[in-house]
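Undergrad: Have a look at the structure that comes next, please.
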Amino acid sequence: TLINIKSTIKDEIFHDAKIKFKILNGKINFDNTIFINKNIGSVKVYNSDLFFKNDKLILTASILFEVKNTNELFSFLNTSKKSRKEIKDIKLNVIYNFLSNQIEFKNIKIDNNEVSDQFQNIVEGFIDNNSNNLINSRRLLNELIDLYEG
């Protein structure tokens, strides 16, 4: 199934979305789903599965964030000028537990480069999705940008 969404709301994070999902052998996948911000770039989903395991609803997915315009990204994040670095893409794996609202990020690569252990430790600040909001997420993302040596 394919769902195309276009937003006309000015301040939406994503302007367009193409959500694809397939049900196969009791699992749902969202491979080739894409979310587009016309100014910043796109987020693509692949190698995904949504399934029940031990009475938990789990989503696993690989994510590719392609940055079209780093200046727009840093403007959105309110990143200080001295911290801004050129970033073309970010790849990572996500494990999300819908029932506990916990999220894990694994195998993070920026422009195909592994990230430091210190970087990964800060990423763990996102694990409790209940405490994530735009302000907190911007703060954590800017900490990560400061650590990235790019």
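The values are calculated or read from the model by the stated rules, or taken from the named source; none is laboratory data. What you see is a predicted model; the values in this text were computed from it and never measured. Glycine also receives a Cβ, built like all others from the backbone with ideal geometry; neighbour counts cover every protein chain displayed. Ligands, DNA and RNA are excluded from the accessible area calculation, which covers all protein heavy atoms including side chains. Shrake-Rupley method; radii C 1.70, N 1.55, O 1.52, S 1.80 Å.
Undergrad: For the chain, what is the convex hull volume of its Cα atoms per residue in Å³?
TA: So the per-residue Cα hull volume is 120 Å³.
Undergrad: Next question, about the same structure. Which log10 I(q)/I(0) values does segment 69-131 give at q = 0.19, 0.24, 0.28 Å⁻¹ under the Debye formula, counting every alpha carbon as one identical point scatterer?
TA: Relative scattering, expressed as log10 I(q)/I(0), comes to -0.90, -1.12, -1.16.
Undergrad: What are the radius of gyration and Dmax of segment 46-103, computed over its Cα atoms and given in Å?
TA: For segment 46-103, the Cα radius of gyration and maximum Cα-Cα distance read 15.9, 47 Å.
Undergrad: Please return the longest stretch of the chain lacking exposed loop sites, where trypsin sites (Lys or Arg not before Pro) count only if DSSP places them in a loop and at most 13 other Cβ atoms lie within 10 Å.
TA: Value returned for the longest uninterrupted segment is 39-150.
Undergrad: So how strong a dipole does the chain carry about its Cα centre when Lys and Arg Cβ are +1 and Asp and Glu Cβ are -1, to the nearest 20 debye?
TA: 480 debye
Undergrad: Can you give the local net charge around residue 20? Use residues other than it whose beta-carbon is closer than 13 angstrom to its beta-carbon, Lys and Arg +1, Asp and Glu -1.
TA: +2
Undergrad: Continuing with the same structure: Share of segment 1-142's accessible area from carbon and sulfur, percent, 1.4 Å?
TA: The C+S portion of the solvent-accessible surface of segment 1-142 is 52 percent.
Undergrad: Taking the chain as a Gaussian network, where each spring joins two C-alpha atoms under 10 Å apart, which residue of 93, 32, 78 fluctuates the most?
TA: 78
Undergrad: Here's something else I'd like to know. List, in order, the whole-Hz ³J(HN,Hα) value for each residue of segment 87-95 obtained from phi through the Karplus relation with A = 6.51, B = -1.76, C = 1.60 and θ = phi - 60°; use x for Gly and Pro.
TA: 10, 9, 7, 10, 10, 7, 10, 10, 10
Undergrad: Just to verify a number: what accessible area does residue 137 come out at with the full protein assembly present, 1.4 Å probe, Å² rounded to tens?
TA: The accessible area comes out at roughly 30 Å².
Undergrad: State, in angstrom, two size descriptors of segment 9-67 derived from its alpha carbons: Rg to one decimal place and Dmax to the nearest whole number.
TA: Both quantities, over Cα of segment 9-67: 13.5, 41 Å.
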